[in-house]
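Okay, so here's the structure we're looking at.
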Amino acid sequence: MKLEMKKGIDILSNLGSVVSVEEARNIFEKKCDSDNLKKISTIKNEEALLKIANAIALFQPDSVWFNTCSKEDLQTARNGALENGEEFKIKFEGHTCHYDLPEDQARLVKQTYYIYNEGEDISSLALKQERSEAKAYIKEHMTGIMKGKKMLASIWSRGPIGAKASIPAIMITDSYYVVHSGNILYPNAFNDFDSEVARAGLFFTNCHSYGQFKSEDVPKARVYMDRSWQTTFSFFCTYAGNTLLLKKGNHRFTVDHCTYYRVEEELSEHMFITGLTGPGNRKTFIVGAAPSGCGKTTTAMVGTDFIGDDLAQIWIERDGTVRAVNPEIGIFGIVKDVNYRGDPYLMKCLRGEIPSEVIFSNVLIEEDGTPRWEGDGDQEPTSGKNFLGDWTPEKKYVNGNPVPCSHPNSRCTLSNADIENYNRELGVDPAGVPIKIITYSGRDSDTNPPVWAAKNPDQGVVIGASILSAATATEVGAVGVRRQPWANAPFVPGSLADYTHAQFKFFNSNKIKEKPVMAGLNYFLTHAARGGEPGDNRLLGEKRDVKPWLTWLEIRAHGEVMAINTPIGYLPLFEDLKTIFNETINKEYTNKLYNKQFSLYIDNIIARIDLQTKAYEKEENCPERLFEIYEEQKVGLNSLKEKYGPIVKPSELIEAGGTE
Ligand code: SAT
Ligand code: MN
C-alpha cells in the first residue's frame, strides 16, 4: 500500500495532548519571556503552533527560546554552544570544535526507523517500527527529556524561499550546536513561515534532545521518521546526521513527497550541484549522486560555480528545462583527506586564510588550537586532543589497532558563501539552475570505468539503480560492499520499486525539452583490478582527475566530442581525454592508463548485472523496463566476449560498436 498522509495518530500531538490554539498560547505564556512571546506571536499557522506547544508539553523544558536568525539570535546560538560546552574555540577567529560521543560518530543506521501504519510498504533496505510501538518508546524516553533545560525552536527553509521545491521546517532541540549548525546550513524561514507553508502546502516538524550526553544512553538512542505526519524524533545522540534533522531526516520526507505526490514533476536526490565553465564561457550545471563518503563534496568543489555538496531538489520547469536547487546553504563535509592539493577552496576556509565561521567536529586539536585530520597534507601531528581525549600516535584501541588522530567521519560545517567558487547569486536563486548532466557514482574497485554516458534516459536510470559501494565511515557499524541504489537508498522510506518507477517517469517525461546526459563516474578502480599485483589497492587515478572526467561530460553534453558506442553506454576516446587532461590539470594522460581504465571487464560487469537483477526481482512491482535494460546490456556484453574474450580493449570496442 502506498503512503497516506495524516494517517494514524499524530504521536507528537497525542503525547503532548494540546488540542486548541488557546491552550497552545497558554503554554507559550508560561514558558516564554516577553521577548520570545513577541517572536512567536508573528506565526499564525495553527498547525505549527500546536506542534510547538505539544513539543513543550511533552519535553517539559524550563523555558523556550525562539531563534529568528536575527543577528542577536545568531550570536545567542554561538554563545550558547560555547557556554554549555558543546563547542569550544580553536585557533582561528570564528572557528570552533564540537565532539560527539565515541559511539555516535556517524548515522546510527541500526537505530533509525520509519514509523509505519499497518499495510504500508517500507524500503527493503530500511528498518521500520509500527506506530503504536514507536509511540510507546518515544513516550518512555522523551517525556520530560528537557526538564531543567531550555527548548530551542528554529524555523528554516529547505531551499531558497519561494522556490518551487522548497519546504519550510521547524527544528526543536535542546542543543545549541544543532541550532548553530542549522543557522549555517539553512536559510531562515521564521519571518516567511506562514506564506511559505501556504505556497508549499506543507511543513516538516523535527524534535531532538541529546539527553544527558552519556555514552551509556547511546544504545537507547533512536532516530524516528513519522512519514504520515512528517515529524521526526531523535534522542540520546548529537552527531549532526542524526540530530540536525532538516538534513537527512527531512530529506527522507521529500523523497516520499516526490515519489508519491510529485511523480513526473520532482525528484529529491542525494546529489551535489555544481557548474562548469565550458568553451566560450558557457556555464553547464551538473548534479551528481554518490553515497556518503564517496567524494561528493570534492566533485562539487571542482566546479567553477559550486552550488551544493549533498542534496538536490530537482524539477521540470514549465519551459521544459530540468532545474535544481540546493535545500542547504552550507556544507557539512568530511575533512578526511581534504588538503590543498585536492581541495584548495575548502582549505583556505579551514586554515583561516579566508575569514569564515567553521564548526569542526571530531578532529584533533593541537595544543595551540590548530585543527588536524588524517590526510590534511601537513606533517603528521604528534599530540593533541580529540573526541577520545588525549591523543598521541602511539594510542591504540583495545584490539591493538592504532587510533587515528581524527575520526574518519570528522566534519566541517561552514557556509557556502565563504567558499570561493560558490556562485552567490545562483546558489540562492529560487529559479534554480538548469541541469544538463546527471552523474552517479559509488566506490567500485574493480568493475566500472571512470566515466561513461548513458545512451538514453532508461539506461541512465539503470546506472543510478546499479550503484554499489564499499562501506564508508558515515554509518555506524557498516561493513562490506553493498548496493546503494541512486546513492539515496538510506533515505528512501518507501519501496524501491515505487522510487524506481518515479525515476523512469521523470527522466522519460515528454515535458523535458532536452534530455540531460546521464552518466556513471567511478574514481575507485585499483591497480590490482587492472592487471596489477593482487592486493595492490592503490587507485589508478587521483582526486584531481575528477576535473577531466567532468570536463569530458561537459563537452559531450554539448555534442562536441564523439564517443565509443558500447552496450553499457558511451565511452570517451583517448585523444580527447589526452587533450582534456593536459588542458584542465596539466597532466600527461597515457594510452597505457587509458586502456586499463576503459577496457571492459565483461565478467565483472555481468556479475554486477546478475547481482542487481536478483536483488530487484525481490522487490514487488519493480518496473519491467529495468530488467529489460539489464538483459539488453547482458546480451551485448556476451557477444563482445564471444568475439574478443573477457577483457575488451577500447580499440576492439570501437571495431565492434563504432563511434557516435
Ligand atoms: O550523516 S549525514 O548523512 O548527515 C552526512 C552524510 O553522510 O552525507
Ligand atoms: Mn549525504
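Just the ratio, please: alpha-carbon radius of gyration of the range 497-578 over 2.2 N^0.38 Å, N its number of residues.
So the Cα radius of gyration is 1.41 times the expected 2.2 N^0.38 Å.
When you take every Cα atom in the range 7-99, what is the radius of gyration, and what is Dmax, the widest Cα pair distance, in Å?
Rg and Dmax of the range 7-99, Cα atoms, are 16.4, 51 Å.
Percent relative contact order of the chain, based on C-alpha pairs within less than 8 angstrom and at least six residues apart?
Once normalised by length, the contact order is 13 percent.
Give, as ranges by residue number, the residues of the range 268-284 whose backbone N falls under 19 Å from the point 7 Å along Cα→Cβ of Glu583.
Inside the label zone: 275-284.
Could you give the length gained on full extension between Asp194 and Thr392, defined as 0.36 nm per residue of separation minus the Cα-Cα distance, in nm?
Additional length available on full extension: 66.0 nm.
With no solvent and one equal point scatterer per Cα, compute the Debye intensity ratio I(q)/I(0) for the range 563-644 at 0.14 Å⁻¹ and report its log10, rounded to two decimals.
-0.63
As a test question: what accessible area, to the nearest 10 Å², does Asp429 have when a 1.4 Å probe is rolled over all protein chains in place?
50
According to the square roots a ≥ b ≥ c of the eigenvalues of the Cα gyration tensor, what is the shape class of the range 407-467, taking rounded for a/c under 1.5, prolate for a/b larger than b/c otherwise, and oblate for the remainder?
Oblate, since a/c reaches 1.5 and b/c is not below a/b.
Eigenvalues of the Cα gyration tensor times 5, then square-rooted: what semi-axes does that give for the chain, in whole angstrom, largest first?
Working from the Cα gyration tensor, I get semi-axes of 41, 28, 23 Å.
Given a 1.4 Å probe and every protein chain left where it sits, what share in percent of the accessible area of the range 125-280 is carbon and sulfur?
Carbon and sulfur: 49 percent of the exposed surface of the range 125-280.
Starting from the alpha-carbon convex hull of the range 166-286, give the projected area averaged over all orientations, in nm².
So the mean shadow area of the Cα hull is 10.1 nm².
Using R₀ = 35 Å, calculate the FRET efficiency as 1/(1 + (r/R₀)^6) where r is the Cβ-Cβ separation of Asn508 and Asn399; round to 0.05.
After rounding to 0.05, the efficiency reads 0.10.
According to the square roots a ≥ b ≥ c of the eigenvalues of the Cα gyration tensor, what is the shape class of the range 460-599, taking rounded for a/c under 1.5, prolate for a/b larger than b/c otherwise, and oblate for the remainder?
oblate
Using only helices, what value at 222 nm comes out for the chain when you add -39,500 (n - 2.57) per DSSP H run of length 4 or more and divide by the total residues, to the nearest 500 deg cm²/dmol?
About -9500 deg cm²/dmol.
If the only charges are +1 at each Lys and Arg Cβ and -1 at each Asp and Glu Cβ, what is the size of the charge dipole of the range 482-624 around the Cα centre, to the nearest 20 debye?
With Lys and Arg at +1 and Asp and Glu at -1, about 220 debye.
Run the count for the range 301-444, please: Lys pairs, Cα-Cα under 17 angstrom, 8 or more apart or on different chains.
Going through the range 301-444 pair by pair, I get 4.
Could you check the spin-label model distance between Glu317 and Lys515? Points 7 Å from the Cα along Cα→Cβ, value in nm.
Output for this residue pair reads 2.2 nm.
Which shape class applies to the range 521-660: rounded if a/c is under 1.5, otherwise prolate when a/b exceeds b/c and oblate if not, where a ≥ b ≥ c are the square roots of the Cα gyration tensor eigenvalues?
prolate
Using alpha carbons only, what's the Rg to Rh ratio of the range 239-390 with Rh from Kirkwood?
Ratio of gyration radius to Kirkwood radius for the range 239-390: 1.04.
At 0.36 nm per residue, and after removing the present C-alpha to C-alpha distance, how many nm does the segment from Leu125 to Asn14 gain when stretched out fully?
That pair, Leu125 and Asn14, stretches by 37.0 nm at full extension.
Using only alpha carbon pairs under 8 Å that are at least six residues apart, calculate the relative contact order of the range 76-165 and give it in whole percent.
12
Any idea which of Ile568, Asn638, Phe598 is furthest toward the positive side of the dipole for the range 530-655, if Lys and Arg beta-carbons carry +1 and Asp and Glu beta-carbons -1?
Positive-end residue among those listed: Phe598.
Using Cα positions and a limit of under 15 Å, work out the aspartates and glutamates in reach of Lys2, with same-chain residues fewer than 8 apart set aside.
By straight Cα distance, Lys2 reaches Glu118, Glu120, Asp121, Asp226, Asp256, Asp498, Glu619, Glu620.
Just subtract the alpha-carbon distance of Glu620 and Lys348 from 0.36 nm times their residue separation and send over the number in nm, one decimal.
Length difference between fully extended and current span is 93.0 nm.
So how exposed is His501, as accessible area in Å² (1.4 Å probe, rounded to 10)?
90
Any of Lys296/Lys578; Lys547/Lys578; Lys139/Lys220; Lys164/Lys248 with alpha carbons more than 22 Å apart? Name them for me.
Lys296/Lys578
Over the range 229-281, what is the relative contact order in percent, taking alpha-carbon pairs closer than 8 angstrom and at least six residues apart?
21 percent.
To the nearest 0.05, how large is the calculated FRET efficiency for Lys649 and Leu37 if R₀ is 60 Å and r is the Cβ-Cβ distance?
That gives a FRET efficiency of 0.25.
The values are calculated or read from the model by the stated rules, or taken from the named source; none is laboratory data. From a predicted model like this one, the values you see are computed outputs, not experimental measurements. Counting neighbours? That spans all protein chains shown, and the Cβs are built from the backbone with ideal geometry, glycine included. To get the accessible areas, we keep the full protein, side chains included, count just its heavy atoms, and leave off ligands, DNA and RNA. Shrake-Rupley method; radii C 1.70, N 1.55, O 1.52, S 1.80 Å.
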